[in-house]
Amino acid sequence: MKIIPLERYRPKGPVGGLEEARRTVREIIVAVERHGDAALRKFSRRYDRVVPRRFRVEAEEIAAALEGCPRDLRRAMVLAAGNLRRFARRQMRTYRDFSLCVAGGVTAGQRVLPIERIGVYVPGGRFPLFSSLLMAAVPARVAGVKEIAVFSPPAANGRVAAPVLAAAGLFEIKEVYALGGAQAVAAMACGSESVPAVDKIVGPGNCYVNLAKLAVFGKVGIDLPAGPSEIVILADGRARPEWIAADLLAQAEHDPLAIALLVTTSKRMAANVRAQVRKQLRPLPPASPAHDSIEKRGAILLASSLEKAIDFINRQAPEHLELQVKKPEQWARRCTAFGSLFIGSLAAEALGDYSSGLNHILPTAGAARFGGGLSVRDFLRLSTTLWVGAAGLRRIGPVARRLAEAENLAAHAHSLDLRLQTDGARPRNPGRFSRS
């Protein structure tokens, strides 16, 4: 892990081969759209090297996975979901139906409605990330989503990983599919003989999954195209190097392309953390992605001041940001772009991944500059309403007509002229809408 001056750091650019990956994704989407289940079987055999007997997991298998789930793991899931639920319910309080008299005789309103049907992608492969199912299912339930379909790659035996099925059973999700990769995204967006299409796709995935999500956006909604995971830790000379090294490695083990950075004002801290990283990396399995991630994309950056470090961090807008400095709350106020912020040395990023109530599906690659992580908002539609009386029409009609005229939209202006020229019967104000 290199130690370099902050000013000399250059983020690694996009990984090569993206154009070929895009072509592959387009081929998969078109094939699934045209050929349905036959295409899904073809791509499942090609990429997962197995074709499940049925894509949809039977209810008995889900129930058996929940029954066989270790008691302590099941309890941990319940406790983590409880914190997620409390956080999501508090978020939900910020989204309410309302009506507002914007002018005499003009009532504008908002209705908050849940999305009807969502698809949740749960990564398999090296690590079946069943916690991602919790992160999506809990806020979706709080928002009022009626139908949740889960998609996860099949293992060599053709089955979805038992912890994923157990989590689905815990949340009474009956619709689980043994489908992964871009073909799963295509199935969610296009539908097939055995997979009804969804309205929105959420959940993390690899390069192909994220490119597929971007490709189908517009046909369906997506949450965000999350790339390889990132962490930036800001530390002064008082932090604990063994804790910092552990948090860097925890993020690096997600993916060989994960980015783990330490920004510090202390040369001594930099040297101590590098030594701890080497020490803690040694016992990890040789196949752990942490080795490649730390060696090729990790770095320790020396800053001349905490102020300059914060400026750098705000430009980077990292997915995860830890503040292991004196008076972290004070520095937290100066941080303006991040997916999730972890304040103080006890706030390990791993808590945000699992049990704190925060969502771990977060923006990467600087996307925190313009967006946030998965929340209850992603499962809602904020729809607007309008009631206009005769007096209101007289107030706002001429304004709309003049603007339409300036844009040379004659039909718009005409539709207003017809009303403005007729007194007509006064319509009844339906008043405030209530959420069903």
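Computed from the coordinates by the stated procedures, all read-outs in this text should not be read as laboratory data. From a predicted model like this one, the values you see are computed outputs, not experimental measurements. Glycine also receives a Cβ, built like all others from the backbone with ideal geometry; neighbour counts cover every protein chain displayed.
Any idea what angle helix 181-190 forms with the longest principal axis of the chain, computed on alpha-carbon atoms, 0 to 90 degrees, nearest 10?
Tilt relative to the chain: about 10 degrees.
Enumerate by residue number the trypsin sites (Lys or Arg not before Pro) in region 1-64 meeting two conditions: DSSP loop (anything except H, G, I, E, B), and at most 15 other Cβ atoms within 10 Å of the site's Cβ.
Hits after loop and neighbour filter: Lys12, Arg49, Arg53, Arg54.
State, to one decimal in nm², a quarter of the convex hull surface area for the C-alpha atoms of region 124-233, i.e. the direction-averaged projected area.
Mean projected area for region 124-233: 7.8 nm², to one decimal.
For Glu116, what is the net charge nearby, where nearby means another residue's Cβ is under 12 Å from its Cβ and Lys, Arg count +1, Asp, Glu -1?
+2
Within a 10 angstrom radius of the beta carbon, how do Ser383, Ser192, Ser345 rank from fewest other beta carbons to most?
If I rank by nearby Cβ atoms, fewest first, I get Ser383, Ser345, Ser192.
Taking only Cα atoms and a 10 Å spring cutoff, compute GNM fluctuations for the chain and point out the largest among His360, His414, His35.
His414
Treating region 323-371 as a set of equal point scatterers at the Cα positions, no solvent, please give the Debye-formula log₁₀ I(q)/I(0) at q = 0.19, 0.25, 0.31 Å⁻¹.
Relative scattering, expressed as log10 I(q)/I(0), comes to -0.68, -1.03, -1.14.
So if I take the centroid of the Cα atoms in region 269-319 and the same for region 17-92, what is the distance between those two points in Å?
32
Rank the residues Tyr208, Tyr47, Tyr177 as a footprinting-exposure proxy: fewest other Cβ atoms within 10 Å of their Cβ go first. List each step's numbers first, then the result.
Numbers: Tyr208 20, Tyr47 16, Tyr177 24.
Listed from fewest to most nearby Cβ atoms, that is Tyr47, Tyr208, Tyr177.
Checking the cross-link filter: which lysines have an alpha carbon closer than 23 Å to that of Lys146, excluding same-chain neighbours under 8 positions apart?
Lys174, Lys200, Lys213, Lys219
Could you work out the helix-only [θ] at 222 nm for the chain, with each DSSP H run of four or more residues adding -39,500 (n - 2.57) and the total divided by the number of residues, to the nearest 500 deg cm²/dmol?
Details: 16 runs with 184 residues, N = 436.
Helices in the chain give a 222 nm mean residue ellipticity of -13000 deg cm²/dmol.
Where both residues lie in the chain, what percent of DSSP beta bridges are antiparallel, nearest 5?
Around 30 percent of the beta bridges assigned by DSSP in the chain are antiparallel ones.
How large is Rg/Rh for region 383-422, to two decimals, with Cα atoms and a Kirkwood Rh?
For region 383-422, the value is 1.00.
Dipole magnitude of the chain about its Cα centre, charges +1 at Lys/Arg Cβ and -1 at Asp/Glu Cβ only, in debye to the nearest 20?
Once rounded to the nearest 20, the dipole reads 700 debye.
Could you give each residue of region 123-130 its phi-based ³J(HN,Hα) in whole Hz, using Karplus coefficients 6.51, -1.76, 1.60 with θ = phi - 60°, and x for Gly or Pro?
x, x, x, 4, 9, x, 8, 4
Given the options Glu19, Glu319, Glu61, state which has the largest fluctuation in a GNM of the chain using a 10 Å cut-off (strictly under) for Cα springs.
Glu19
If you stretched the chain out fully between Glu67 and Tyr9, how much longer would it get, using 0.36 nm times the residue separation minus the C-alpha to C-alpha distance?
Using 0.36 nm per residue and subtracting the Cα-Cα distance, I get 15.9 nm.
With Kirkwood's inverse mean 1/r over C-alpha pairs for Rh, give me the Rg to Rh ratio of region 227-372, two decimals please.
Ratio value, two decimals: 0.93.
Run through region 223-309 and list the trypsin sites (Lys or Arg not before Pro) located in a DSSP loop whose Cβ has at most 12 other Cβ atoms within 10 Å.
Qualifying residues, ordered by number: Arg238.
Taking only Cα atoms and a 10 Å spring cutoff, compute GNM fluctuations for the chain and point out the largest among Ser194, Ser132, Ser415.
Maximum fluctuation in the GNM of the chain, among the listed residues, is at Ser415.
After finding the eigenvalues of the alpha carbon gyration tensor for the chain, what semi-axes result from the square roots of 5 times each, listed largest first in whole Å?
Square roots of five times the eigenvalues give 43, 31, 22 Å.
Report, to the nearest 10°, how far helix 71-92 tilts away from the longest principal axis of the Cα atoms in the chain, using its own Cα long axis and a range of 0 to 90°.
In the chain, helix 71-92 runs at an angle near 40 degrees to the longest axis.
Just how many % of Cα pairs in region 152-305 lie over 27 Å apart, if you round to the nearest whole percent?
Counting pairs separated by more than 27 Å, the tail of P(r) holds 43 percent.
When Lys and Arg each count +1 and Asp and Glu each count -1, what net charge do the other residues less than 15 Å away from Ile313, Cβ to Cβ, add up to?
-3
Among rounded, prolate and oblate, which fits region 20-222 when a ≥ b ≥ c are the square roots of the eigenvalues of its C-alpha gyration tensor, a/c under 1.5 means rounded, and a/b larger than b/c means prolate? Could the numbers behind the result be given before it?
Values: a/c = 2.37, a/b = 1.30, b/c = 1.82.
It comes out oblate by the Cα gyration axes.
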